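The values are calculated or read from the model by the stated rules, or taken from the named source; none is laboratory data. Computed from a predicted model, the values in this text were never measured in an experiment. Note that each Cβ is placed from the backbone with ideal geometry, even for glycine, and that neighbours are counted across all protein chains shown. Please note that ligands, DNA and RNA were not included when accessible areas were found on the heavy atoms of the full protein model with its side chains. Shrake-Rupley method; radii C 1.70, N 1.55, O 1.52, S 1.80 Å.
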Amino acid sequence: MSGGTARNVAAGEASCLIDLRVSTRAETDRMDRVLAGLHATDPRVAIAVEGHWSRPPMRPDAAADRLFAVADEAPAHLRAPLAPLHVGGGSDANFVAALGRPVLCGMGGTGDGAHARHERVLLDDLPDRTALTTGTLLRLAGA
């Protein structure tokens, strides 16, 4: 949020950026209605809502669950079982899921600080991630 020129001074203009994430298309529609229905109670104030959804929601389904099971079994002799995790973030996987295709997100390197200056990948985990991806692809190919 930003606006105004000093504390205790009525702002001539103010703005607010919202990072809104939803898990279903119905919730997208509901939030569109909520935001469109915002109105000021002070007649001197106007509210304008601008923006768009950058990604469709990604909802796990039976096909994605089956794909997860394949990935979980692939390197079972090398690693502990995978744990399904739904974080509500947005990635290109959201577009694939919206097409009705099973998709797994988060198959890349493990580490810390995603998309931040201190982002890092744990080098010791790279063989595990490689085995996970390779094993999954081999199982899907029927090898």
So if I check each of Gly108, Gly113, which one is at positive phi, loosely packed, with under 13 Cβ neighbours inside 10 Å and not aliphatic (A, V, I, L, M)?
Gly113
Members of the stretch 97-134 found to be assigned to a helix (DSSP H, G or I) and under 18 Å from Val22 (Cβ atoms), listed by number
Ala97, Ala98
Six or more apart or on different chains, Cβ under 6 Å: which pairs go from a residue in the stretch 129-143 that's open to solvent by 70 Å² or more (accessible area, probe 1.4 Å) to one that's among the β-branched types (Val, Ile, Thr)? Could you list them?
Arg139/Val70
Quick one: would you say Ala40 is open to solvent by less than 50 Å² (accessible area, probe 1.4 Å), without any contact (Cβ under 8 Å) to a residue 40 or more places away in the chain, of a type outside the set (D, E, K, R) and assigned to a loop (DSSP other than H, G, I, E, B)?
yes
The lone exception for Leu78 - which of (1) more than 30 Å from Ile18 (Cα to Cα); (2) in a helix (DSSP H, G or I); (3) open to solvent by 70 Å² or more (accessible area, probe 1.4 Å); (4) not basic (Lys, Arg) it fails
(2)
Would a scan of the stretch 1-9 turn up a residue that is basic (Lys, Arg), within 34 Å of the chain's Cα centre (by Cα) and at pLDDT below 90?
no
